[in-house]
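The structure appears right after this line, and notes come after that.
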Amino acid sequence: MAIEEIGLKHGTQAHLDAGMKIGLVSVREEQDSTAATVVIATMDDSEHDFQLHPGDTFPLGDQTWKLTRVESRGGGNLTAVFARIE
C-alpha cells in the first residue's frame, strides 16, 4: 500500500516508493502575518529543493505531494505534514 501522508521533523527524511525520498531541511512556524515556511530536498531521478507554504504542491517522480500543515509538538519541535494527492 502506498504512503498517503507523512510527518517529518527537522533533519529527518522519508523513503517512499521506488527509491524516492523527501528530506526536511528547515521548518518555521507561522508568525504574525507570515505563513509557515518549509524547505525540503527531494530525490527521484535527480535532487530538487523546494520552499513551501501550507497548501503548496510539489512533484516527486510521477506523484504530486502537498504540504498540508505545520504542527507544533511542544518544546519547539515542529513537524511538517505532507499528503500525496496524485
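Values quoted throughout were computed directly from the atomic coordinates according to the rules given, and no laboratory measurement underlies them. Everything quoted here is computed from the prediction, not taken from an experiment. A quick note on method: Cβ atoms are made from the backbone with ideal geometry, for glycine too, and the neighbour counts reach across all protein chains shown.
Annotation for the chain: trypsin sites (Lys or Arg not before Pro) lying in DSSP loop with at most 11 further Cβ atoms inside 10 Å of their Cβ are Arg73.
Structural descriptor for the chain: relative contact order 27 percent, calculated from alpha carbon pairs under 8 angstrom and at least 6 residues apart. For the chain, modelled as a GNM whose springs connect Cα atoms under 10 angstrom apart, the maximal fluctuation among Gly55, Gly19, Gly74 occurs at Gly74.
Panel values: segment 42-86, Kirkwood radius from alpha carbon pairs, Stokes-Einstein at 4 °C and 1.567 mPa s, translational diffusion coefficient 112 µm²/s.
Expressed in units of 2.2 N^0.38 Å, where N is the residue count, the Cα radius of gyration of the chain is 1.03.
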